[in-house]
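**Student:** I am attaching a structure below and will ask some questions about it afterwards.
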Amino acid sequence: MTTRIWTAALAVIGDEILSGRTQDKNVAQIATWLNVQGIRLAEVRIVADKPEAIVEAVNILRERNDYLFTTGGIGPTHDDITVDAIAEALGVPVVFHPQAVAVLDAYYASRGGLTETRKRMARVPEGADLIENRMSGAPGIRIGNIFIMAGVPHITAGMLDALTGTLEGGLPVLSRTIGCWVAESEVADVLRQAEKSHEGVAIGSYPFFRDGRTGANFVVRATDAALADRCIADLTQALEATGRSVVAGGI
């Protein structure tokens, strides 16, 4: 029997990411969070602030993954177009969510009031639900298998916290790491054989050059802890048989 693997995609939306003005920090935190939920981040696409580009990415990614997350482009200004583009992709109108309006009204009551510009953050594709945002009031949005979140990393983190335990997933992927002062090309056959001998395991090789020496860390990933442990033990033994010293936990 094959274990069901749940996948997600992430569309990072924003010209500021593509220009290099802003360094994205959401990919790593979303991937880590998804893994705990038993969902694998299968692909990431960085999309410009162009409606047609967002529509295309949303329709492709939501169809071939169980979930699609987007970050960025849901603020109060005219160039925050993510909601409009996703509504277009789904073929639904954009409406003001009454609960979002109420949340924003309460949040801005002591901050100058809910202006028309701020009210834009209550716009959602028709039929959407909200994702709680304890940080800045403006909620995230959930519609179907799409989760529309802020681009600011600490606000994204809060939205992920609100979603914890609400998504259907499988087993989380576990990892074990060892390191070795060796060029990965010299032990490629050892790695290949270890992965082949342990069905259900994936081995990643991460080379580095440090202190004038070449080395690599090898990460064994599996959903079964016992399987990962067996693989890391066998890989360690195989590397040591070639005369290399292995460092548990990585170098």
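The values are calculated or read from the model by the stated rules, or taken from the named source; none is laboratory data. What you are looking at is a predicted structure, and each value in this text was computed from that prediction instead of being measured. Neighbour counts are summed over all protein chains in view; Cβ atoms, including those assigned to glycine, are modelled from backbone coordinates with ideal geometry. Accessible surface areas use protein heavy atoms only, side chains included; no ligands, DNA or RNA. Shrake-Rupley method; radii C 1.70, N 1.55, O 1.52, S 1.80 Å.
**Student:** Take the residues in segment 1-36 that are in contact with an Asp or Glu (Cβ under 8 Å, 6 or more places away or on another chain) and open to solvent by 50 Å² or more (accessible area, probe 1.4 Å); name whichever of them is farthest from residue 156 (Cα to Cα).
**Tutor:** Looking at the filtered set, the residue picked out is 15.
**Student:** Does any residue of segment 215-224 turn out to be in contact with an Asp or Glu (Cβ under 7 Å, 6 or more places away or on another chain) and either modelled with pLDDT of 95 or more or not in a helix (DSSP H, G or I) (or both)?
**Tutor:** Yes; the residues of segment 215-224 include at least one that is in contact with an Asp or Glu (Cβ under 7 Å, 6 or more places away or on another chain) and either modelled with pLDDT of 95 or more or not in a helix (DSSP H, G or I) (or both).
**Student:** Among the strands (runs of 3 or more DSSP E) confined wholly to segment 87-172, which include 1 or more residues that are acidic (Asp, Glu) and under 22 Å from residue 11 (Cβ atoms)?
**Tutor:** Counting at least 1 such residues, we get 129-131.
**Student:** Determine which single condition residue 103 fails, assuming it passes every other condition in (1) touching a residue at least 24 places away in the same chain (Cβ under 8 Å); (2) open to solvent by 70 Å² or more (accessible area, probe 1.4 Å).
**Tutor:** All conditions pass for residue 103, except number (2).
**Student:** Could you give every pair whose Cβ atoms fall below 6 Å, whose first residue belongs to segment 203-232 and is more than 19 Å from residue 171 (Cα to Cα), and whose second residue is among the hydroxyl-bearing types (Ser, Thr, Tyr) and open to solvent by 20 Å² or more (accessible area, probe 1.4 Å), counting only separations of at least 6 or pairs across chains?
**Tutor:** Within 6 Å, the pairs are 216/205; 217/177; 217/206; 218/205.
**Student:** Residues that are under 20 Å from residue 121 (Cα atoms), of a type outside the set (A, V, I, L, M, F, W, C) and open to solvent by less than 70 Å² (accessible area, probe 1.4 Å): does segment 37-58 have at least one?
**Tutor:** yes
**Student:** Answer yes if at least one residue in segment 189-199 is within 30 Å of residue 3 (Cβ to Cβ) and β-branched (Val, Ile, Thr), and no otherwise.
**Tutor:** Among the residues of segment 189-199, at least one is within 30 Å of residue 3 (Cβ to Cβ) and β-branched (Val, Ile, Thr), which makes the answer yes.
**Student:** If I filter segment 16-27 for residues that are more than 17 Å from residue 150 (Cβ to Cβ) and touching a residue at least 60 places away in the same chain (Cβ under 8 Å), do I get at least one hit?
**Tutor:** no
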